[in-house]
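The values are calculated or read from the model by the stated rules, or taken from the named source; none is laboratory data. Note that the structure is a prediction, hence the values are computed from the model and not measured. Note that each Cβ is placed from the backbone with ideal geometry, even for glycine, and that neighbours are counted across all protein chains shown.
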C-alpha cells in the first residue's frame, strides 16, 4: 500500500487535500499530517513515505528547506527516495514557474481534476520504481534520477517565491557589493569579488572573505537569485561557494564529499547529496 506525508500549515486545507486524495487514490495511506517544515523533514525521515506533499510556505522552515534537508539526510541504503509534490496557493506567478519546467504541483484550494492528473503521474513513477532492477548500479541511477527531479522542483518552487523587497532580476546584473556588518557592528561595503563563500546561520548569513567575516540578514533564498550562477555554486542547503576558490574535493568513507577552499585553510565544507552532481567527474 503506497504511503504519503502531508505538510500543510492550514489544517482545513490539509484536511481538504487528504479528503481529495482519498477520492482520487483510495489505496494511498496518509501516514502523517504536519504543519511546519521541521516536522515535515523529521517525519519524512522517520516514516519514509512513498510520496511527500509539501506546502511551499510554512512557518519557520519552509517546504523548500524541508525538502532539501530530507534529500541531504535520506539514508544511504536501498530505500528509494519519495516522490515530491509541492503544494502552492493559486498564484499565476507560481503556476508559471512550475509549468515552465513541466513539473507537478498541487494548487490551493485543491482542484480535483488537477489532483487526479498528479496522482496518475505519481502512480506511474511508483510502478517504475518497483520495476527497476536490483543492484548497486541500478540503485545509484534511480537515486540520481530522483535527485535530478528534486533539484528541478526546488528550482521551480524557488521561482514561485519572488523575493519580497528585492527588484526583479530578469536581465539584471548580478550583485557587485554586499552591504554587511562585522563582529563589532560596523557596516561595510564588501566587494562580491572578495567573497569566498556564504553560509546561512540562524537568522543571518555569514559572508566569508580570505581575511574577514561579515553578517547580513538577507535569507539565502533571496540572495541566490542575485548571484552569478557561473561564479557561485550552491553546494549545500546552507552554503554557497565561489567555484574558483575550490581547491580540493575529497570523499569520506560514507560517500560524502568535502571541499577545501583557497583562502579559508582548515575549513571543511560538506557537499549536500542534492549538489554532489556538480562534482560527478571527480
Legend entry - Answer from 20, 8 - the residue that is more than 24 Å from residue 144 (Cβ to Cβ), surrounded by fewer than 22 Cβ atoms within 10 Å (Cβ to Cβ) and at pLDDT 95 or above: 20
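Condition check ((1) touching a residue at least 12 places away in the same chain (Cβ under 8 Å); (2) part of a helix (DSSP H, G or I); (3) closer than 21 Å to residue 152 by Cα) across all residues:
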site	(1), (2), (3)
4	yes, no, yes
21	yes, yes, no
31	yes, no, no
44	yes, yes, yes
57	yes, no, yes
67	yes, yes, yes
Legend entry - Top-ranked residue in the range 105-131 [being in contact (Cβ under 8 Å) with a residue 24 or more places away in the chain and assigned to a loop (DSSP other than H, G, I, E, B); ranked as surrounded by the most Cβ atoms within 10 Å (Cβ to Cβ)]: 110
Legend entry - residue 38, sole failed condition from (1) buried (at least 22 other Cβ atoms within 10 Å of the Cβ); (2) at pLDDT 90 or above: (1)
Legend entry - Residue list for the range 229-244, filter: outside any strand (DSSP E or B) and buried (at least 19 other Cβ atoms within 10 Å of the Cβ): 237, 238
Legend entry - Complete set of residues in the range 245-272 that are assigned to a loop (DSSP other than H, G, I, E, B), surrounded by 13 or more Cβ atoms within 10 Å (Cβ to Cβ) and either in the same structural domain as residue 72 (by TED's automatic domain parsing) or in contact with a strand residue (DSSP E or B) (Cβ under 8 Å, 6 or more places away or on another chain) (or both): 256, 262, 264, 267, 272
Inset, instruction - Return only the number of the condition from (1) outside any strand (DSSP E or B); (2) touching a strand residue (DSSP E or B) at 6+ places or on another chain (Cβ under 8 Å); (3) surrounded by fewer than 13 Cβ atoms within 10 Å (Cβ to Cβ) that residue 185 does not satisfy. - result: (2)
Inset, instruction - Give me the pairs, please: first residue somewhere in the range 234-248 and in contact (Cβ under 8 Å) with a residue 40 or more places away in the chain, second residue anywhere and in a helix (DSSP H, G or I) and surrounded by fewer than 19 Cβ atoms within 10 Å (Cβ to Cβ), beta-carbon distance under 6 Å, and either six or more positions apart or on two chains. - result: none
